[in-house]
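The values are calculated or read from the model by the stated rules, or taken from the named source; none is laboratory data. A quick note: this is a predicted structure, and the numbers were derived from the prediction, not measured. Please note: Cβ atoms are built from the backbone with ideal geometry, for glycine as well, and neighbour counts cover all protein chains shown. Keep in mind that these areas ignore ligands, DNA and RNA; they rest on the heavy atoms of the full protein, side chains included. Shrake-Rupley method; radii C 1.70, N 1.55, O 1.52, S 1.80 Å.
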Amino acid sequence: MSLTVNLKQIASAALLAGCTLTSSWAQAAENAICYNCPPEWADWATQLQAIEKATGIHVPQDNKNSGQALAQLVAEKNNPVADVVYYGVSFGIQAVSADVVSAYKPANWDQIPAGMKDPAGKWVALHSGTTGFMVNVDALGGAPVPRSWDDLLKPEYKGMVGYLDPASAFVGYVAAVAVNQAKGGSLHDFTPAINWFKALQRNQPIVPKQTAYARLISGEIPILIDYDFNAYRARYKDHANVEFVIPSEGTVTVPYVISLVKNAPHPANGKKVIDFVLSDAGQAIWANAWLRPVRAGAMSAEAKKYFLPDSDYARAHTVDYQQMADAQKGFSARYLSEIR
């Protein structure tokens with residue numbers, strides 16, 4: 001699903017695609033509905049269990065990606081189903097423009113850095129991730145672990161490289177921003193990224209629309225362009241022979257954010273969910289799942305031991321997230337026209 005089209009077209013597509021699941025949620029009158037809270041992503045499974053235990057609010061799992069979540073909000077603008085939504089920061093900025101989220105300044109608001117929250121409170125970061133290569137070493141068939149964006153273009157990795165669809169999934173768009181910055185592009189010029197994706201097509205990449213964690217673990221996708229926290233989870237929780245690589249040319253770090261849905265059916269419960277994921281307990285869950293919590297103090301020394309050294313993270317940079325959001329539609333249009 002691409003965000004290059006008019007939001008009304010996206011909304012119509014989402015409605016036609018139907019979301020019987022969300023309709024059934026509404027009928028079941030769940031305590032709170034969160035769009036894009038998949039259990040295999042960022043350890044939402046543990047987070048949702050903790051929310052229910054601490055607050056009594058049951059939040060069903062939801063397997064949308066960021067683009068699908070925003071499209072659904074737009075489709076349901078006149079009759080909202082969700083209470084909160086979690087997505088990549090550029091989608092949060094677009095949600096503000098689409099007027100589908102409400103202002104809410106949660107507990108611990110003052111402890112959140114200025115660049116990690118909308119000034120009015122229409123989105124707030126929960127944690128950040130750094131993009132790199134999640135490599136199932138056992139599935140490489142003897143090939144070396146790739147160390148650079150250019151390495152992925154080598155014939156020895158034909159059929160091995162996966163990345164999420166950058167026209168729909170936020171992590172896919174982040175990968176495009178990362179390789180574009182690394183190859184000398186800017187948020188105003190994505191030609192280096194387009195050229196890189198064109199070159200990668202010769203290696204027959206695998207391009208799923210949604211989280212592909214299980215496919216990486218199984219070896220179906222030996223190399224997945226993904227976040228550090230998923231690689232650490234694979235290595236330390238699922239005990240897979242997975243290595244995380246921050247490419248030598250550089251990469252980017254981006255926040256994932258949460259918003260209260262405008263005219264949510266259960267706004268009080270939605271606010272409690274947001275409060276919890278920004279509490280000491282909620283932030284500790286992110287840190288223990290190998291994510292960098294937005295409240296830095298929640299990262300214990302023990303949790304930090306599992307990350308690559310700071311010298312590797314020196315190759316990871318932030319960008320202007322407003323510009324990144326503004327550039328997304330233009331990039332997606334080029335990707336759909338020239339690559340897919």
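Can you name every residue in the range 165-185 that is part of a loop (DSSP other than H, G, I, E, B) and surrounded by fewer than 24 Cβ atoms within 10 Å (Cβ to Cβ)?
The answer is Asp165, Ser168, Lys183, Gly184, Gly185.
Can you tell me how many residues in the range 313-323 are within 17 Å of Gly129 (Cβ to Cβ), touching a residue at least 40 places away in the same chain (Cβ under 8 Å) and either of a type in the set (A, V, I, L, M, F, W, C) or open to solvent by 80 Å² or more (accessible area, probe 1.4 Å) (or both)?
Looking only at that region, the number is 4.
When you go through Ala42, Ala75 one by one, which is the residue that is crowded, with 20+ Cβ neighbours inside 10 Å, on the phi > 0 side of the Ramachandran plot and in contact (Cβ under 8 Å) with a residue 12 or more places away in the chain?
Criteria check complete, one pass: Ala42.
When only residues in the range 208-217 that are at pLDDT 95 or above and surrounded by 17 or more Cβ atoms within 10 Å (Cβ to Cβ) count, which is nearest to Tyr87 (Cα to Cα)?
Leu216
Checking the condition loosely packed, with under 14 Cβ neighbours inside 10 Å, assigned to a helix (DSSP H, G or I) and at pLDDT 50 or above, which residue from Lys8, Lys53 passes?
Just one listed residue meets the conditions, Lys53.
When both residues are 6+ apart or on different chains and their Cβ atoms are under 8 Å apart, which pairs have a first residue that lies in the range 286-312 and is more than 19 Å from Pro255 (Cα to Cα), and a second that is exposed (fewer than 15 other Cβ atoms within 10 Å of the Cβ)?
If the second residue must be exposed (fewer than 15 other Cβ atoms within 10 Å of the Cβ), the pairs left are Tyr306/Tyr236.
Here is a check on your reading of the model: is Ser128 open to solvent by less than 40 Å² (accessible area, probe 1.4 Å) and either free of Cβ contacts under 8 Å to residues at least 24 places away in the same chain or farther than 22 Å from Ala289 by Cβ (or both)?
No, not satisfied.
Name the residue, out of Val81, Val89, Val96, that is crowded, with 23+ Cβ neighbours inside 10 Å, aliphatic (A, V, I, L, M) and modelled with pLDDT of 90 or more.
Going through Val81, Val89, Val96 in turn, the sole match is Val89.
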